[in-house]
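Undergrad: Please see the structure below; I have some questions.
Throughout, read-outs are computed from the coordinates displayed, never taken from laboratory work. Computed from a predicted structure; not experimentally measured. Here the Cβ positions follow ideal geometry from the backbone for every residue, glycine too, while neighbour counts run over all protein chains shown.
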Ligand code: HEM
């Protein structure tokens, strides 16, 4: 399927990047909400964080992760991932990192639902540190996608 996108290739890549930006905006925001939500447990403020998180999930995180994956797979087929094209080591590692980032997304959504039930569990400092994971992932993934070092 190498090159199957034809003239649409650059458009698909542009929208891939646009939705990556939306997804990352959501993934940078949600962990910060989780810290505030956890600190507000047992106060009336907790309900407001619960609402903000649900809105962020429904309006930003859920649509954008789906579209990024869809367009990303279209691009992966276009560059010949399933045709045995050589020189795609960067894409294999990128996919591994994106799988891990999608797992992180799932964990953050799960923790937000746990907080909505009034239960936290992770120490505040650790939760703040976990909030840095998406930034680290973005650095590695963008370098792999743009520089294609191997
Ligand atoms: C969800 C699964 C994803 C898949 C399957 C995927 C796959 C791809 C593929 C195959 C390309 C095209 C490369 C080319 O034609 O040269 C691409 C481009 C790109 N991807 Fe992804 N990607 C995914 C997620 C992400 C994420 C999460 C990020 C950033 C955090 C990202 C950032 C980029 C960038 C910046 C480019 C443009 C690279 C360039 O052409 O210079 N992608 N992606």
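Undergrad: Applying the selection to the range 31-59, what residues are under 19 Å from residue 126 (Cα atoms) and free of Cβ contacts under 8 Å to residues at least 24 places away in the same chain?
TA: The first filter runs over the range 31-59 and keeps only residues under 19 Å from residue 126 (Cα atoms), leaving 31-41.
36, 40 - these are the residues of the range 31-59 that are under 19 Å from residue 126 (Cα atoms) and free of Cβ contacts under 8 Å to residues at least 24 places away in the same chain.
One line per residue, one yes/no per condition, for (1) near the ligand (Cβ under 8 Å from one of its atoms); (2) more than 15 Å from residue 9 (Cβ to Cβ):
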| site | (1), (2) |
| --- | --- |
| 64 | no, yes |
| 73 | yes, no |
| 78 | yes, no |
| 83 | no, yes |
| 86 | no, yes |
| 90 | no, yes |
| 94 | yes, yes |
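Undergrad: Would you say residue 100 is touching a residue at least 24 places away in the same chain (Cβ under 8 Å), assigned to a helix (DSSP H, G or I) and either within 17 Å of residue 19 (Cα to Cα) or under 13 Å from the mean Cα position of the chain (by Cα) (or both)?
TA: Numbers: touching a residue at least 24 places away in the same chain (Cβ under 8 Å): yes; assigned to a helix (DSSP H, G or I): yes; either within 17 Å of residue 19 (Cα to Cα) or under 13 Å from the mean Cα position of the chain (by Cα) (or both): yes.
Here the answer is yes, as residue 100 does meet what is asked.
Undergrad: Are any residues in the range 128-150 away from the ligand (no atom under 11 Å from the Cβ) and either under 13 Å from residue 29 (Cα atoms) or not in a helix (DSSP H, G or I) (or both), and if so, which ones?
TA: 128, 130, 131, 132, 133, 149, 150
Undergrad: Is there any pair linking a residue in the range 19-30 that is within 15 Å of residue 136 (Cα to Cα) to one that is near the ligand (Cβ under 9 Å from one of its atoms), with Cβ under 8 Å and at least six apart or on different chains, and which?
TA: These pairs meet every condition: 20/68; 23/65; 23/68; 24/134; 24/138; 27/101; 27/134; 28/134.
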